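Asks: Please see the structure below; I have some questions.
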Amino acid sequence: MNHNDYMQIALDELHAGVKSGLNPVGSIIVRHKDGEIIGRGKNLVPIHNDPTAHAEVIAIRQACDHIGMSKLADCTLYTTLEPCPMCCWAILTAGIEHLVLGARLTVIKKVNYGDYTVENLVAMTNADITITTGIREEECTGLRSAWELA
């Protein structure tokens, strides 16, 4: 499988969340050694009344439970929307090696984050993570923008 294939699975998580009335964000975590999806997430904030229950954090929690460890060094996280600062910090803390994202916050005009980008936060922390952008970006951006305008 390639980035487009895995992003489709993250998009499937997004669509499942939207059908349940949730914010349109989907994330998955893939283990490098075997390509297994070990974590899946959608934004569960309104269901759990938990402001930390973003799709990326849910996927991280599930992946850590799956492997029985708090470090996900041999993993890639795919997410349909650029992670917020909280989620980015969780990704870095978990030791995820590769982040692949669809929509960018600046493109959907998410202004409450100012000049924030994942690259800015990574640069501030000197974290060792590979970031890949532009994967199904137009599709991810369109889905999120439509929701923002609704």
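Asks: ³J(HN,Hα) across segment 69-77 via Karplus (A = 6.51, B = -1.76, C = 1.60, θ = phi - 60°), whole Hz, x for Gly/Pro?
Replies: Per residue, the Karplus-derived 3J(HN,Hα) values read 9, 9, 10, 10, 4, 9, 9, 10, 9 Hz.
Asks: Related question: Leaving out ligands, DNA and RNA but keeping every protein chain, what accessible area does Ile131 have, in Å² rounded to the nearest 10, with a 1.4 Å probe?
Replies: We get 50 Å² for Ile131.
Asks: Moving to a separate point now. Based on the alpha carbon coordinates of segment 1-84, what radius of gyration and maximum Cα-Cα distance (Dmax) apply, in Å?
Replies: Just the Cα atoms of segment 1-84 yield Rg and Dmax of 12.1, 35 Å.
Asks: Please go through the residue pairs Lys19/Lys109; Lys42/Lys109; Lys33/Lys109 and name each one whose alpha carbons sit more than 29 Å apart in this structure.
Replies: Check vs 29 Å cut-off fails for Lys33/Lys109.
Asks: Measure off, as a whole percent, the carbon and sulfur share of the 1.4 Å-probe accessible area of the chain, all protein chains present.
Replies: It is 53 percent, rounded to a whole number.
Asks: Rounded to the nearest 10 Å², what accessible area does Ile9 show when all protein chains are kept and the probe is 1.4 Å?
Replies: Rounded to the nearest 10, that gives 30 Å².
Asks: Would you check the accessible area of Asp65, probe 1.4 Å, heavy atoms only, in square angstrom rounded to 10?
Replies: 130 Å²
Asks: For Cys88, what is the net charge nearby, where nearby means another residue's Cβ is under 9 Å from its Cβ and Lys, Arg count +1, Asp, Glu -1?
Replies: -2
Asks: What is the magnitude of the charge dipole of the chain about its Cα centre, with +1 placed on the Cβ of each Lys and Arg, -1 on the Cβ of each Asp and Glu, and no other charges, expressed in debye to the nearest 20?
Replies: Taking the Cα centre of the chain as origin, the dipole is about 280 debye.
Asks: Where both residues lie in segment 1-105, what percent of DSSP beta bridges are antiparallel, nearest 5?
Replies: On the way: 10 of 15 bridges.
Counting only bridges with both partners in segment 1-105, antiparallel ones make up about 65 percent.
Asks: Okay, moving on. Tabulate in residue order the Karplus-calculated ³J(HN,Hα) for segment 50-60, using 6.51 cos²θ - 1.76 cosθ + 1.60 with θ = phi - 60°, rounded to whole Hz; enter x for Gly and Pro.
Replies: Per residue, the Karplus-derived 3J(HN,Hα) values read 10, x, 9, 7, 6, 4, 5, 5, 4, 5, 5 Hz.
Asks: Another one. Whole Å is fine, so just give me how far the alpha carbon centre of segment 16-47 lies from that of segment 101-136.
Replies: About 19 Å separates the Cα centre of segment 16-47 from the one of segment 101-136.
Asks: So what is the 222 nm mean residue ellipticity for the chain from helices alone, if each DSSP H run of at least 4 adds -39500 (n - 2.57) and you divide by all residues, rounding to the nearest 500 deg cm²/dmol?
Replies: Dividing the helical sum by the residues of the chain leaves -13000 deg cm²/dmol.
Asks: Quick one: which residues, 5 or more positions from Glu97 or on another chain, have an amide H under 5 Å from its amide H? H modelled 1.01 Å from N in the peptide plane, none for Pro or chain starts.
Replies: It is Cys75, by chain and number.
Asks: Residue by residue through segment 126-132, what is 3J(HN,Hα) from phi via Karplus (6.51 cos²θ - 1.76 cosθ + 1.60, θ = phi - 60°)? Round to whole Hz and write x for glycine and proline.
Replies: With the stated coefficients, segment 126-132 comes to 6, 5, 9, 8, 8, 10, 10 Hz.
Asks: Assign one of three labels to segment 28-73, namely rounded, prolate or oblate, based on the Cα gyration tensor with a ≥ b ≥ c the square roots of its eigenvalues; rounded applies when a/c is under 1.5, prolate when it is not and a/b is larger than b/c, and oblate otherwise.
Replies: Prolate, because a/c is 1.5 or more and a/b exceeds b/c.
Asks: Right, next: For a quick check: with amide H placed at 1.01 Å from N, whose amide H comes under 5 Å from Gly39's, ignoring anything fewer than 5 positions away on the same chain?
Replies: Amide H neighbours of Gly39: Ile29.
Asks: Suppose R0 equals 35 Å. What FRET efficiency, 1/(1 + (r/R0)^6) with r the Cβ-Cβ distance, do Asn112 and Lys33 give to the nearest 0.05? The partial results should precede the final answer.
Replies: Working: r = 38 Å, r/R0 = 1.09.
FRET efficiency, Asn112 to Lys33: 0.35.
Asks: Counting other Cβ atoms within 10 Å, keep those with at most 15, restrict to DSSP loop, and tell me which trypsin sites (Lys or Arg not before Pro) in segment 68-115 are left.
Replies: For trypsin sites (Lys or Arg not before Pro) across segment 68-115 that sit outside H, G, I, E and B with at most 15 neighbouring Cβ atoms in 10 Å, the list reads Lys71, Lys109.
The values are calculated or read from the model by the stated rules, or taken from the named source; none is laboratory data. Here the structure is a predicted model, which means the values were calculated and not measured. Don't worry about glycine lacking a Cβ; one is built from the backbone with ideal geometry, like all the others, and counts go over all protein chains shown. Side chains are part of the model used for accessible areas, which takes the heavy atoms of the whole protein and leaves out ligands, DNA and RNA. Shrake-Rupley method; radii C 1.70, N 1.55, O 1.52, S 1.80 Å.
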